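Asker: What follows is a structure written as structure tokens; I'll ask about it next.
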Amino acid sequence: MNCLLRAERISKFYNSNASNVVKSTSISINKGEIHVIEGKSGSGKSTLLSMLGGIEPPSQGSVFYKNKSLYILPETEQAKIRGNSFGFVFQAFHLIPEFTVRENIELPLHFLNVQNNELRTEEIARELDIYSHLDKYPNYLSGGEQQRVAIARAIITSPEIIFADEPTGNLDQKTTEKMMDVLINLSTMKDVALVIVTHEQKLIRIPHYLYTMHDGVLKENGEHV
Ligand SMILES: Nc1ncnc2c1ncn2[C@@H]1O[C@H](COP(=O)(O)OP(=O)(O)O)[C@@H](O)[C@H]1O
Ligand SMILES: [Mg+2]
């Protein structure tokens, strides 16, 4: 199998919860595919995303990145994969207020020890329409602009897969549409795979896989256009 990311019967158990917050789940994600997960608050969506994204080891089961079992790799290898190949966008943007927009965008590069490429930062900022804000502090930007900074930060490393956890949760309708367009463009133009937790599934007008999460059980609803 030539899969980018594959989870095999992963589940998550916390001592404080009576049952598994994520029950045995398997999923395969290939290059450029869009996977959308819907579900009520508390159903286990963020936990599942964290396990897929290399952030939270499952209690049982395995996650394979290009056929390598992610969580049994040495921590330095795992960090390299998270840093180079995965991008994360969260509902709370997690921007650092003391850093300028430019510094926030370039932050992941410092962890990777790669040469800073100013031109690439500016190219991405132009694409996302935040170029004129590069030297400002995030608090001076609107919610939509801040979320685009968070997306810029997620793609500065050219990831193969982006995990987005309710990325439009705090945004108005127009900004939400724009945000989804940005993510979908990345997927179609650059073959980036997307795993999105969102209720904005109707805004995705190209084929994608749709799932519903209910009490820790992921159910596939088939491929939607
Ligand atoms: N670190 C943790 N310790 C204990 N319980 C947790 C932890 N993280 C999440 N949970 C519980 O797991 C369940 C699913 O949470 P979550 O994955 O955040 O759901 P969702 O993202 O769908 O709202 C919730 O009941 C939550 O309280
Ligand atoms: Mg959540």
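Taken together, the values in this text are just the output of simple stated rules run on the coordinates, not laboratory data. Small disclaimer: the values here were computed from a predicted structure and weren't measured. With ideal geometry, Cβ positions are generated from the backbone for all residues, glycine too; neighbour counts draw on all protein chains shown.
Asker: For the chain, what class follows from the C-alpha gyration tensor (a ≥ b ≥ c being the square roots of its eigenvalues): rounded when a/c is under 1.5, otherwise prolate if a/b is larger than b/c, else oblate?
Answerer: Prolate.
Asker: Order the peptides 71-81, 129-139 from the highest to the lowest mean number of other Cβ atoms within 10 Å of their residues.
Answerer: Listed from highest to lowest mean packing, they are 129-139, 71-81.
Asker: Hey, for a label at Ser28 modelled as a point 7 Å past Cα toward Cβ, could you say which residues of region 45-65 have their backbone N under 14 Å away?
Answerer: In region 45-65, the label zone of Ser28 (backbone N under 14 Å from the point 7 Å along Cα→Cβ) covers 64-65.
Asker: Measure of size requested: the Rg and Dmax of region 129-186, with Cα atoms as the atom set and Å as the unit; please supply both.
Answerer: 11.3, 31
Asker: Checking a compactness column here: for region 142-225, what do you get for Rg(Cα) / (2.2 N^0.38 Å), N being the number of residues?
Answerer: After normalising by residue count via 2.2 N^0.38 Å, the value is 1.10.
Asker: Can you give me the long-range amide H partners of Val217? Hydrogens built in the peptide plane at 1.01 Å from N, cutoff under 5 Å, separation of 5 or more residues or another chain.
Answerer: Residues meeting the amide H criterion: Lys23.
Asker: Could you sort 35-42, 171-178 so that the peptide with the highest average Cβ count within 10 Å comes first and the rest follow in order?
Answerer: Per-residue Cβ counts within 10 Å, averaged per peptide and sorted highest first, yield 35-42, 171-178.
Asker: Can you tell me how region 93-146 classifies by the Cα gyration tensor, rounded, prolate or oblate, using a/c under 1.5 as the rounded cut?
Answerer: Note, shape of region 93-146 comes out oblate.
Asker: Let me ask another. Using only Cα atoms and rounding to the nearest 10 degrees, what angle (0 to 90) does helix 143-155 make with the longest principal axis of the chain?
Answerer: The answer is roughly 70 degrees.
Asker: Within region 190-225, name every residue whose backbone N is under 12 Å away from a label modeled 7 Å from Cα of Ile55 along the Cβ vector.
Answerer: Residues passing the 12 Å test: 197.
Asker: I'd like the orientation of helix 118-127 relative to the chain: the angle between its Cα long axis and the longest Cα principal axis, in ° from 0 to 90, rounded to 10.
Answerer: For helix 118-127, the angle is close to 80 degrees.
Asker: I would also like to ask the following. Under 1.5 on a/c is rounded, so check that first for region 6-74, then, if it is not, pick prolate when a/b is larger than b/c and oblate when it is not; a ≥ b ≥ c are the square roots of the alpha carbon gyration tensor eigenvalues.
Answerer: Because a/c hits 1.5 or more and a/b fails to exceed b/c, region 6-74 counts as oblate.
Asker: Hey, another quick one. Could you give the angle, 0 to 90 degrees to the nearest 10, between helix 173-190's Cα long axis and the longest principal axis of the Cα atoms of the chain?
Answerer: 80
Asker: When the chain is modelled as a GNM with alpha-carbon springs shorter than 10 Å, which of Arg102, Arg126, Arg148 fluctuates the most?
Answerer: Ranking Arg102, Arg126, Arg148 by mean-square fluctuation puts Arg126 first.
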